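A.B. asks: This is the structure I want to talk about, given as structure tokens.
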């Protein structure tokens, strides 16, 4: 692989990644959190830049505003905006692989991420975690450069990237360990110490100013990190460790998952601690959280793929005859794992096979978007002038429906049942319809006649004609 050809190969891999991720981008129904993020943008435009910043993901809200996701094709625009922001993160992964191994390692890193079903699934959703991860991976790259030089510009960029990561998702705070890990592993010297101090001063300084401004304006960005814990901490850690292994094996398949864990072990045995520490130390902090979901693991799992790329790069460097076989193995094996997954997402998302917890969260609970397309298909020929959505993912319906959808408040504790019953009773008019979800915190029925019933693994959706 010549030095002259390498940049073109990198550009080609970035284009392949973007094409693969953009294809059939809205085939998977909108998840409720995606609709929330887009709606937060509408609230920001109406109320001020820091509105809803207690959610701890304000930079992502601003990103969707920048791309105009609140106006037209909200789900597609927000998902596409995510993918554009993920390109620097992928470039950083390739750059880090090259620094820690060689050009072949960079190519392997790109291919492993392109062919990762986990990344294909979560990077195509308008969620904050992939955006924060992209910034963390940029910080990882600038920290890795400390292995070769002490440049305070790198330190500043590392700090800025960590600040952006925390602004995108406050749970990225544990990754402020990256500059310290780089110091310990690469440059245990006064110059290295000064580099780390600069990185932390820039990153923590900017983050502190931002968080201080939020507190001053009356917002608590740590709101969701302060969830009360009722389960013993030991049980939480064990459960989270189990979920992490289930995620690796469930998305990457058991053989590929085992190979990735072996690659991590190889780096540890060879005393190449930078990637293992950047993976394991922040992950240990995340395991303390009682609200651990698989999408929160996107940075650790990306670093895990990076370890595999580095080990492969080392292997083909030592035995050049392994280059084409290794490339063929990664390409053919990756395609065998990824292509059926990607085709299912694009053409039959209801048949998608993902780990049980994710299947429940994204496909069968009231927060999933499954059933919304059928609601639209039933209502569109009726040309409704108003649709009242009494369902958990009403905002998702609002963002994809070609007709006006009102989303009244729906308290998960059931406090709004009486108010919603009154709203439906007072809204009876020609052209007005209601969509009710059979969930405990919604009214059990609506006045008028039933137009259609949408059944599936998700809670039943019932469409009512509210005409008198």
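A.B. asks: Identify, by number, the condition in (1) in a helix (DSSP H, G or I); (2) over 15 Å from residue 142 (Cα atoms); (3) under 22 Å from the mean Cα position of the chain (by Cα) that residue 165 doesn't meet.
C.D. replies: That leaves (2) as the condition not met.
A.B. asks: A further question follows. Go through region 40-58 and give me each residue that's part of a helix (DSSP H, G or I) and buried (at least 21 other Cβ atoms within 10 Å of the Cβ).
C.D. replies: Residues satisfying the conditions are 40, 41, 53, 58.
A.B. asks: A follow-up question, please. Quick check on residue 16: is it surrounded by fewer than 23 Cβ atoms within 10 Å (Cβ to Cβ), in a helix (DSSP H, G or I) and either in contact with a strand residue (DSSP E or B) (Cβ under 6 Å, 6 or more places away or on another chain) or not assigned by TED's automatic domain parsing to the domain that holds residue 392 (or both)?
C.D. replies: Spelling it out, residue 16 is indeed surrounded by fewer than 23 Cβ atoms within 10 Å (Cβ to Cβ), in a helix (DSSP H, G or I) and either in contact with a strand residue (DSSP E or B) (Cβ under 6 Å, 6 or more places away or on another chain) or not assigned by TED's automatic domain parsing to the domain that holds residue 392 (or both).
A.B. asks: Mind telling me which of the residues 146, 99, 140, 112 ends up being more than 23 Å from the chain's Cα centre (by Cα) and buried (at least 24 other Cβ atoms within 10 Å of the Cβ)?
C.D. replies: Going through 146, 99, 140, 112 in turn, just one is more than 23 Å from the chain's Cα centre (by Cα) and buried (at least 24 other Cβ atoms within 10 Å of the Cβ): 146.
Matching residues to (1) over 26 Å from residue 122 (Cβ atoms); (2) surrounded by 12 or more Cβ atoms within 10 Å (Cβ to Cβ):
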| position | (1), (2) |
| --- | --- |
| 314 | yes, yes |
| 319 | yes, no |
| 322 | yes, yes |
| 328 | yes, no |
| 334 | no, yes |
| 338 | no, yes |
| 341 | no, yes |
| 351 | no, no |
| 356 | no, no |
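A.B. asks: Which of the residues belonging to region 189-219 are within 24 Å of the chain's Cα centre (by Cα) and not in a helix (DSSP H, G or I)?
C.D. replies: If the condition is that a residue be within 24 Å of the chain's Cα centre (by Cα) and not in a helix (DSSP H, G or I), then 219 is the only one that fits.
A.B. asks: Would you mind stating whether residue 152 is in the same structural domain as residue 69 (by TED's automatic domain parsing), in contact (Cβ under 8 Å) with a residue 12 or more places away in the chain and surrounded by fewer than 24 Cβ atoms within 10 Å (Cβ to Cβ)?
C.D. replies: The answer is yes for residue 152.
A.B. asks: A further question follows. Would you check if residue 304 is assigned by TED's automatic domain parsing to the domain that holds residue 111, free of Cβ contacts under 8 Å to residues at least 60 places away in the same chain and touching a helix residue (DSSP H, G or I) at 6+ places or on another chain (Cβ under 9 Å)?
C.D. replies: For residue 304, the condition - assigned by TED's automatic domain parsing to the domain that holds residue 111, free of Cβ contacts under 8 Å to residues at least 60 places away in the same chain and touching a helix residue (DSSP H, G or I) at 6+ places or on another chain (Cβ under 9 Å) - is met.
A.B. asks: Suppose we keep only residues that are free of Cβ contacts under 8 Å to residues at least 40 places away in the same chain and assigned to a helix (DSSP H, G or I) within region 64-83. Which one would you say is surrounded by the fewest Cβ atoms within 10 Å (Cβ to Cβ)?
C.D. replies: 66
A.B. asks: Separate question: One residue is enough: does region 351-358 have a residue meeting the conditions in a helix (DSSP H, G or I), modelled with pLDDT of 95 or more, outside the structural domain of residue 444 (by TED's automatic domain parsing) and under 30 Å from residue 315 (Cβ atoms)?
C.D. replies: no
A.B. asks: Further, regarding this structure: Can you confirm whether residue 177 is within 25 Å of residue 55 (Cβ to Cβ) and in contact (Cβ under 8 Å) with a residue 24 or more places away in the chain?
C.D. replies: yes
A.B. asks: Ok, one more. Just to be sure I understand the filter: pairs with C-beta atoms under 7 Å, separated by 6 or more residues or on different chains, first member in region 343-370 and without any contact (Cβ under 8 Å) to a residue 40 or more places away in the chain, second member loosely packed, with under 13 Cβ neighbours inside 10 Å and in a helix (DSSP H, G or I). Which pairs pass?
C.D. replies: Qualifying pairs under 7 Å: 344/351.
The values are calculated or read from the model by the stated rules, or taken from the named source; none is laboratory data. If you're wondering where the values come from, they're calculated on a predicted model, not measured in any experiment. Cβ sites come from the backbone with ideal geometry, for glycine too, and all protein chains shown count toward neighbours.
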